[in-house]
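Throughout, read-outs are computed from the coordinates displayed, never taken from laboratory work. All values derive from a computational prediction rather than experimental measurement. For neighbour counting, all protein chains shown are included, and Cβ atoms are generated from backbone atoms with ideal geometry for every residue, glycine included.
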Amino acid sequence: MAYSQDMRKAALRHLKAAQILYERDGAGEQPGCKAVAGYLFGLAGELAVKELMRDSGMNPLPHAERRDDPFFAHFPVLKTMLSTAKGRRAGELRTFSEDPRLFQNWDVAMRYAPTKDIDANWVQTWKVSAERLIERMGTV
């Protein structure tokens, strides 16, 4: 089944779920909820960046070029691909590429990691980064 894409709404949905999990204090659930929140903060951040790319005038590449398409990349590779961003928000996108703190230590492979490998301090910085990127994206 092919799903349609709405980067803005997906970013907001992932951010909301991450914020709820981040605040969860249930017995026996910590730090697992925060670790999952961290993963979702990264997805929300990626989606916000991709919405900014779309708003900048960038478009996904043809399916055959998907490997080189930033619309299908994850952090940290996505940040590297932003160094050649084009369009009206290219400068803004390049600043994300140059920020070594932006989603530092985040990787989609963390979904396979044991909870103990996901540092709570990283999750806090990912939360802040995701919220800032969503703010830059706008909610309208």
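Things to note:
- Considering only trypsin sites (Lys or Arg not before Pro) in DSSP loops that have at most 12 other Cβ atoms within 10 Å, the longest stretch of the chain without any of them is 1-85.
- Estimated purely from DSSP H runs of n ≥ 4, each contributing -39500 (n - 2.57), the mean residue ellipticity at 222 nm for the chain is -17500 deg cm²/dmol once divided by its residues.
- Lysine pair number, Cα distance threshold 20 Å (strictly under), the chain, separation 8 or more or different chains: 12
- Loop GluC sites (Glu not before Pro), the range 1-93 (other Cβ atoms within 10 Å of the site Cβ: 12 or fewer; DSSP): GLU29
- Debye intensity ratio I(q)/I(0), log10, the range 56-103, q values 0.14, 0.20 Å⁻¹ (C-alpha model): -0.32, -0.64
- Measuring spread by the Cα atoms of the chain yields a radius of gyration and Dmax of 15.1, 48 Å.
- Dipole moment magnitude, nearest 20 debye, the range 7-137 about Cα centre, only Lys, Arg, Asp, Glu C-beta charged: 360 debye
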